[in-house]
1. Below 8 Å between Cα atoms, with a sequence gap of 6+, how large is the relative contact order for the chain in percent?
2. Helix 159-169 sits at what angle to the longest principal axis of the chain, using alpha carbons and giving 0 to 90 degrees rounded to 10?
3. Cut-off under 17 Å on the C-alpha distance; same-chain residues fewer than 8 positions from LYS16 excluded. Which lysines are left, in chain and number order?
4. Can you spot the aspartates and glutamates whose alpha carbon is less than 18 Å from LYS91's alpha carbon? Ignore those fewer than 8 places along the same chain.
5. Could you order peptides 5-12, 176-183, 59-66, 222-229 by the average number of other Cβ atoms within 10 Å of their residues, highest first?
6. Once R0 is set to 22 Å, what does the formula 1/(1 + (r/R0)^6) return for the Cβ-Cβ distance between ARG210 and GLU167, expressed as a FRET efficiency to the nearest 0.05?
7. Can you send over the carbon and sulfur percentage of the accessible area for the chain, probe radius 1.4 Å, protein chains only?
8. State, to one decimal in nm, how far the label point of GLU51 lies from the label point of GLN221, with both points 7 Å from Cα in the Cβ direction.
Amino acid sequence: MHVVSDVHGNARDLVKAGEGADALICLGDLVLFIDYADHSRGIFPDLFGTENTDRIVELRTARRYDEARALGARLWAGVDRGPAIEKAVRKQYAELFAAFPTPTYATYGNVDIPSLWSEYAGPGTTVLDGQRVEIAGRVFGFVGGGLRTPMRTPYEISDEEYAAKIEAVGEVDVLCTHIPPEVPELVYDTVARRFERGSRALLAAIRRTRPRYSLFGHVHQPLARRMRIGATECVNVGHFAGTGKPWALEW
């Protein structure tokens, strides 16, 4: 099994991500709004230019979220926001979903728009969220999305809703989520210099149900890419937009 997360518009490498594997697993964040490494790429700079993107990244990195939102509000004031974003997201989804091999098992990231996925997921792509599936004799559970943050990305949900999805998945061999369990080493981004949101419910489920693997993404440059929690190997499968390489799960 090849596993990717945080694709963020990298359709070129996604085409090759399933080569040599029996299946591809995608843990979300297909959409690219802002590339924090290259401020000329993404929906935001396409609409408002690189200079404004430089400034909003600077404010967010400094945790000056109110100022970042105020700048965003001024820029969006002259744009019909909903249709503009949907048009750009649809363009990206058309290219990215076409790049998925058969079979692909996918769940949403926090920057994704779940309501659009059914229009682009072909018969070879199975979308799961709070659900289980058997793949090659192992039971996989999938929970998508992220928890609420000041960034207000499209698919952020409450802690209670997220915990309910974790509970619905139950005991599995491999637990696949977009965000990591709430462990400092797994949620701290060393480049952004901030703690991202991880899930306490996910951490509790790992300790209680003891899956063989917990796979996730979300944190692009984590302090620790993997660690064991009891019997479970917890792995950040990597920032696919940057590396272009999937993580391999073998048994």
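The values are calculated or read from the model by the stated rules, or taken from the named source; none is laboratory data. Here the structure is a predicted model, which is why all the values come from computation and not from measurement. Glycine gets a Cβ as well: all are built from the backbone with ideal geometry, and neighbour counts include every protein chain shown. Heads up: the accessible areas ignore ligands, DNA and RNA and are worked out on the full protein's heavy atoms, side chains in. Shrake-Rupley method; radii C 1.70, N 1.55, O 1.52, S 1.80 Å.
1. Details: 526 pairs, mean separation 54.1, N = 251.
With pairs under 8 Å counted, the relative contact order is 22 percent.
2. Around 30 degrees separate the two axes.
3. LYS245
4. Leaving aside aspartates and glutamates fewer than 8 places away in the same chain, those within reach of LYS91 are ASP6, ASP13, ASP29, ASP35, ASP46, ASP80, ASP112, GLU119.
5. Values: 5-12: 22.0, 176-183: 24.9, 59-66: 14.4, 222-229: 15.9.
Output ranking for 5-12, 176-183, 59-66, 222-229: 176-183, 5-12, 222-229, 59-66.
6. Values: r = 16 Å, r/R0 = 0.71.
After rounding to 0.05, the efficiency reads 0.90.
7. On the way: 5610 of 11620 Å².
Answer for the chain is 48 percent, counting heavy atoms of protein chains only.
8. 2.7 nm
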